[in-house]
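Notes for the one structure printed next.
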Amino acid sequence: SWVDEQGVAWDYKIAESAEHKFSDLETVVMPVPDAFSRVFKYPPPSRIMDGKDWTDVLYGSDQVDATLPSDAMLYSYCNTWVGIDIEAWSYTFVNDEYDDFVILEFVFTNVSGQDRNNVYLGLRGEPATTSYYPGDLWGNYIGGTFEDYVNGDMNADSLRIFYLYDADEPSTTAEDDRGNPDEIWGHFEKPQFVGYTLLHADTDVNDETNDPSAPHKAGWSQRQLSPDLNNNTPHEIYEFLTGPWDPRNQDLYTINDGLIRTLAPGTHPSDIISTTEQEKTGLFSFGPYNMKAGDDVRVVMAITGGTINERLAIDAGLAFNSGYSGMRPRIPMPYSVPSVGIGKGDILSTEQKDALLDTGLDSLMANASKVYKVWNNASVRKGSGSFNLPMAPASPSLEVTSMPGRIRLEWGDEAEASGDVAGYRVYRNYYHPAEITFPTDTLWTLEADIPGTGTNEWEDENVVRGRNYFYYVTAYNSQGIESSRFMNAGSQGTLEQAASPSRPPDEDWKNKVLVAPNPYHIRGSADTKYAGKKLNFLNTPPYCRIHIYNMMGDKVQTLYHNEGTGDEAWDRQETFSTMEIVSGIYIFVVEELDGPGGSPTGEITSGKFTVVK
């Protein structure tokens, strides 16, 4: 009960946050010191590629806490105008056995100084696997076995999970786009299932045991029947959180007096046309709670993933004809998958493809069951305690240096300082244009396993000049648990973070400098403007300027070579005015310098190359 600013009395008051819902945001979410922070168990590693520091600039402001119950944690705090503050702790893990979920702990505290009765908490999860709307996103809610719930047994075993996946929409497209197969290559880009799982909800403000009857309301709604947080009134939203689902939708199955909505038994999500039933969010409503001043309620959720592995998503996608007009010829399956009836050499049918992708749901449910057990075995509350899980070592700092004919890696001993370390592993990936080989067929591979401690360097000599390589290094302990594969990895989306072997300077450079490839076919490079395009000047002196002219004698660009190597790549083939160069014959002049950024020695050479667009 409260009286608004106009003196009108209301039975209840609503707290929520949503874009554009309120014009005066300060009255809804008020500033709180340290309201958002990221905390690591170990100090984040530095990451240096060819002398440039690529360490995450945000790491410097992050906290480090060796007692953290997880490898990383996000904390957020929100004041609300209803006087019930919201705190959230998000926990994530490096250990491969537990890295397919993120645990979200919410605590709602009545700080208003007054009683707040019949409080309902609404948590909406958006584990969307695609932003496309309304076509090919399907979801379902599993809230217990149908028979147990229909018979009124609210203690039925239940994962209480809402999940989504990318599926086909046969009513709106001629192509079978479930899994989002690439329109040219065919590999599945979105084979994953993503779930929003309830792990715990307090039974009452005075009873912190898990309420088996929670959530009060759950499922997904028909379009336009769910309240719009930007347009509906607070009272309409309250009625939505407390009341049953709209009965107008006949396609969905409702139980527990219409509060739990899921697909009817035997119904497949793709049987429902998305133009009449499509929702990317799953709702979990909890309550009612009668909260006296100072009372709090805890709800714990998890974002969980499941999928077929990346190698299978590539090979099966290349063997399935999805119907796109410009696709490459199909490549038969290189191996069999007996569990779903796929044989070696098969060109996949729709039925085989769907059966294979459906196994991702099994993976999701296994991970959801695992995270449920993890939380039940934990003694964690408000960022403190223990999950009682084996933890990974610290991630070592990494420095990668391109050298003539090889690439050198050096890493720090942070992991050794943090505890048990049994050795290090070096992983590599590479980037190359789609027109050369498959862009998706560049998975990370283990290049070196170095047991023990004391060795913190390795050189990769199995490299090809002109190819861009990415690396990360992990430390592993006596249990075989590895440190993070992401913290020191070069980003594949940024070619500047790649290493590329160079060649040594050539003493006879005036007679040997050349351009490769020549002629240079721009359309033979990647589709994007710059990524993957390499026009190389080879056999250069260690330090020089390379001036480039068109056939009219106009200088279009100058490259500065200060690396002390024998080659220089022109990554961005553009003029001084940032225009892409056009087809034609170009002249280059190499001017030797006496050092990095130094003065001309007076020694020069020249040549020409051809560009074809």
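The values are calculated or read from the model by the stated rules, or taken from the named source; none is laboratory data. From a predicted model like this one, the values you see are computed outputs, not experimental measurements. FYI the Cβ positions are ideal-geometry reconstructions off the backbone, even for glycines, and counts take in every protein chain you see. Side chains are part of the model used for accessible areas, which takes the heavy atoms of the whole protein and leaves out ligands, DNA and RNA. Shrake-Rupley method; radii C 1.70, N 1.55, O 1.52, S 1.80 Å.
Tabulated data for the structure shown
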{"quantity": "FRET efficiency for Arg408 and Ala355, using Cβ-Cβ distance with R0 set to 51 Å, rounded to 0.05", "calculated": "0.65"}
{"quantity": "FRET efficiency for Lys613 and Ser37, using Cβ-Cβ distance with R0 set to 60 Å, rounded to 0.05", "calculated": "0.75"}
{"quantity": "Links that overshoot a 18 Å alpha carbon limit, given the list Lys217/Lys370; Lys555/Lys608; Lys190/Lys370; Lys41/Lys370; Lys534/Lys608", "calculated": "Lys217/Lys370; Lys190/Lys370; Lys41/Lys370"}
{"quantity": "Å² of accessible area per residue within the range 369-521, as computed with a 1.4 Å probe and no ligands counted", "calculated": "46 Å²"}
{"quantity": "Residues Asp246 and Asp207, FRET efficiency given R0 of 30 Å [Cβ-Cβ distance, rounded to 0.05]", "calculated": "0.40"}
{"quantity": "Linear extension gain, Asp4 paired with Ser491, 0.36 nm per residue minus alpha-carbon span", "calculated": "170.1 nm"}
{"quantity": "Percent carbon-and-sulfur accessible area, the range 279-328, ignoring ligands, DNA and RNA, probe 1.4 Å", "calculated": "46 percent"}
{"quantity": "Cα gyration tensor shape of the range 273-422, rounded if a/c is under 1.5, else prolate or oblate by comparing a/b with b/c", "calculated": "oblate"}
{"quantity": "Average accessible area per residue (Å²) across the range 546-613 - probe 1.4 Å, nucleic acids and ligands excluded", "calculated": "52 Å²"}
{"quantity": "Inter-label distance, nm, simple model (7 Å from Cα along the C-beta direction), Met552/Ile585", "calculated": "1.7 nm"}
{"quantity": "Stretchable slack from Ser478 to Ile48, in nm (0.36 nm times residue separation minus alpha-carbon distance)", "calculated": "152.0 nm"}
{"quantity": "Label-point gap, in nm, between Ser606 and Val464 - each point 7 angstrom along Cα→Cβ", "calculated": "3.5 nm"}
{"quantity": "Cα-based shape type of the range 337-413, given that a ≥ b ≥ c are square roots of the gyration tensor eigenvalues and the cut on a/c is 1.5", "calculated": "oblate"}
{"quantity": "Spacing of the two label points (7 Å from each Cα toward its C-beta) at Asn518 and Thr55, in nm", "calculated": "4.3 nm"}
{"quantity": "Probe 1.4 Å, all protein chains present, accessible-area order of Trp10, Trp89, largest first", "calculated": "Trp10, Trp89"}
{"quantity": "Between the range 534-613 and the range 339-390, the alpha-carbon center distance in angstrom", "calculated": "53 Å"}
